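Asks: Please find one structure pasted underneath; my questions will follow.
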Amino acid sequence: MVNEDLASLVARVVSETPAFDMHTHLYAPEMGSLLLCGADAALNFHYLVSESFRVHHMPYRKFWALSKAQRAEVVWNALFRDTSPVSEAASGVIEMARAMGCDTDRLTLTALRETLSDVPTAEYISRIMNLANVTHIVMTNDPFDDQETAFWQAMDTMDKRFLASLRIDRLMNQYSTVAPVLAGKGYDVDPSLSGRSIAELRRFLEDCADAVHPVYVAFSAADDLTYPEETGPRGRILREVVLPFCRERGIPLSLMIGARRRVNPALHDAGDSVVQADVRPVESLCADYPDNRFLVSMLARENQHALVVAARKFHNLMPFGCWWFVNTDTLVEEITRMRLELLGPTFVAQHSDARVLEHLIYKWQRARRVLTRVLVDKYQSLQDSGWPVTEEVVRRDVERLFSGNFKQFVGWA
Ligand code: RAT
Ligand code: ZN
């Protein structure tokens, strides 16, 4: 039987402890339309879009030809009018609507539109961040997105709660297509990485980092990440450009492994899937580059155990978050238990992956509920064995899981 006092102590501390959201797709408000918020954006979230097709069966082309507001209506009707919103993403809408003050016993799309704002004023952002109890938001900054880089020169003057991460998927996974783009920007590179290419790619990363001051560099991969990687340009770019750059700048490399892109391209962003990958390349990278630090999240449930074991072997490896398809109540609980049992509180418990500002609310409420459940259990066993579990102890552990481990790992002051 769980001791009631302990349960409420842990729940209170977990809800009071601010989170540092180390991976999102949100942007500083100064970056204009890149920061999404409001009901229509929330209903156009690709997690909901893909679920809605299972109900409305609309031809893809017809769906994408609709306006954003019309698509929101189609998704609303499919997932909230014609179906009970029990899925993770759909119930998240109800949870955030409630937190924002909507009457959820008769929620309508109109009411949701009236309650959520699609203009992210500083005050609105503060309200959402307070509700989610999030202090910092790490953006995903793509150096090949012109809409985004147009704002990079002004990054230093933007809302300080938003921090950058340099997302180099295109450099790593589609080098042949970005080489001409880089050449057009004045970098002396070619698709075969000959001549000055390596030095120039390094100069490119230095320029990006000088502009945005990333807390880490990141890229995602499917199950094709091997190490050492001899085929294609990625292995060389990793060894000769990215790893030395990260090492010398003192910033970690974040690897997001297991995303199989565009399995159904007609679904756009909603068409990506999951694949089980190999954890050995992660171990080899950690072993061969002890002076580099690696943040790693894996998408397949099947990879979680081996990743946690790898983190026991390599202290330059920091498992983070429960990403995308494993960010469900059941799997977050399983993964968090596994991590606590094998690593103690030395990992990054969660990130939101929010794409719409208001997502912060439900994603963090859920992360807090699951962590509370797991910690109550663990502390109860300790207490039953006579170990004192005080508020101070709980606070210290939760603070590490929600922000301290990440800040320390990235060297963020
Ligand atoms: O979870 C998501 O929203 C995905 O679409 C991806 O963006 C993923 O999180 C990623 O960062 O690649
Ligand atoms: Zn993401």
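Bear in mind that the values in this text are calculations on the coordinates, not laboratory data. Because the structure is a prediction, the values reported are computed rather than measured. Note that we place each Cβ from the backbone using ideal geometry, even for glycine, and neighbour counts take in every protein chain shown.
Asks: When all alpha-carbon pairs of the chain are counted, what percent fall beyond 35 Å?
Replies: 29
Asks: What residues of the stretch 28-43 lie in the reach of a label at Arg127, counting those whose backbone N is under 14 Å from a point 7 Å from the Cα along Cα→Cβ?
Replies: 37-39
Asks: Then there's this: Looking at this model, which pairs from Lys313/Lys378; Lys62/Lys185; Lys185/Lys363; Lys68/Lys407 are more than 28 angstrom apart at the alpha-carbon?
Replies: Distance filter (> 28 Å) returns Lys62/Lys185; Lys185/Lys363; Lys68/Lys407.
Asks: Still on this structure, I have one more. Stokes-Einstein at 10 °C, 1.306 mPa s, Kirkwood radius from Cα pairs: D for the stretch 283-373 in µm² s⁻¹?
Replies: In µm²/s, the coefficient rounds to 116.
Asks: With both partners inside the chain, how many of the DSSP beta bridges are antiparallel, as a percent to the nearest 5?
Replies: The antiparallel proportion sits near 10 percent.
Asks: Here is a further query. When the Karplus curve 6.51 cos²θ - 1.76 cosθ + 1.60 is applied with θ = phi - 60°, which whole-Hz ³J(HN,Hα) does each residue of the stretch 290-302 get, with x for Gly and Pro?
Replies: x, 8, 9, 10, 10, 8, 9, 10, 10, 8, 7, 4, 5
Asks: Each label point is 7 Å from the Cα along the Cα-to-Cβ direction; what then is the distance between the points at Gln276 and Val86, in nm?
Replies: Using points 7 Å along Cα→Cβ, the separation is 2.8 nm.
Asks: Tell me, what is the FRET efficiency for Glu229 and Thr177 to the nearest 0.05, using R0 = 22 angstrom and their Cβ-Cβ distance as r?
Replies: With R0 = 22 Å, the Cβ-Cβ based efficiency is 0.75.
Asks: Counting other C-beta atoms within 10 Å, which of Leu36, Leu166 has the fewest, and how do the rest follow?
Replies: Listed from fewest to most nearby Cβ atoms, that is Leu36, Leu166.
Asks: Among Ser126, Ser194, Met100, whose Cα projects farthest towards the positive end of the dipole of the stretch 87-243, with charges put on the beta-carbon of Lys, Arg (+1) and Asp, Glu (-1)?
Replies: Toward the positive end, the furthest listed residue is Ser126.
Asks: Between Ser33 and Arg161, what is the FRET efficiency for a Förster distance of 22 Å, r being their Cβ-Cβ separation, to the nearest 0.05?
Replies: Computed FRET efficiency for Ser33 and Arg161 comes out at 0.70.
Asks: Relative contact order of the stretch 96-162, please, whole-number percent, based on alpha carbon pairs below 8 angstrom and at least 6 residues apart.
Replies: 22
Asks: Between Arg262 and His46, how many nm apart are label points set 7 Å from Cα along the C-beta direction?
Replies: Output for this residue pair reads 1.1 nm.
Asks: So how do 139-145, 52-58 stack up, highest first, on mean other-Cβ count within 10 Å?
Replies: By packing density, highest mean first, the sequence is 139-145, 52-58.
Asks: Still on this structure: May I ask you to derive the relative contact order of the chain, considering only C-alpha pairs under 8 Å and at least 6 residues apart, and to give it as an integer percent?
Replies: Computed over the chain, the figure is 22 percent.
Asks: Return the ratio Rg/(2.2 N^0.38 Å) for the stretch 201-349, where Rg is computed over Cα atoms only.
Replies: After normalising by residue count via 2.2 N^0.38 Å, the value is 1.06.
Asks: Related question: How would the stretch 16-173 be classified by its alpha-carbon gyration tensor: rounded, prolate or oblate, with rounded meaning a/c under 1.5 and the a/b versus b/c comparison settling the rest?
Replies: oblate
Asks: Moving to a separate point now. What residues of the stretch 69-93 lie in the reach of a label at Arg369, counting those whose backbone N is under 15 Å from a point 7 Å from the Cα along Cα→Cβ?
Replies: Flagged as within label range: 85-93.
Asks: Suppose we take every Cα in the stretch 38-118 and form the convex hull; what volume per residue is that in Å³?
Replies: Value for the stretch 38-118: 77 Å³ per residue.
Asks: Need one number for the stretch 191-271: average projected area of the convex hull over its C-alpha atoms, nm².
Replies: Quarter of the Cα hull surface area: 6.7 nm².
Asks: If r is the Cβ-Cβ distance from Asn316 to Asp210 and R0 is 30 Å, what FRET efficiency results, to the nearest 0.05?
Replies: Values: r = 25 Å, r/R0 = 0.83.
Step by step, r from the Cβ atoms, then E = 0.75.
Asks: Which cross-chain or sequence-distant (5 or more) residues have an amide H under 5 Å from the amide H of Ala19, H modelled 1.01 Å from N in plane?
Replies: The answer is Val134, Thr135.
Asks: Ok, one more. Gap in Å between the Cα centre of the stretch 102-174 and the Cα centre of the stretch 191-212?
Replies: Each part reduced to its Cα centre gives a spacing of 28 Å.
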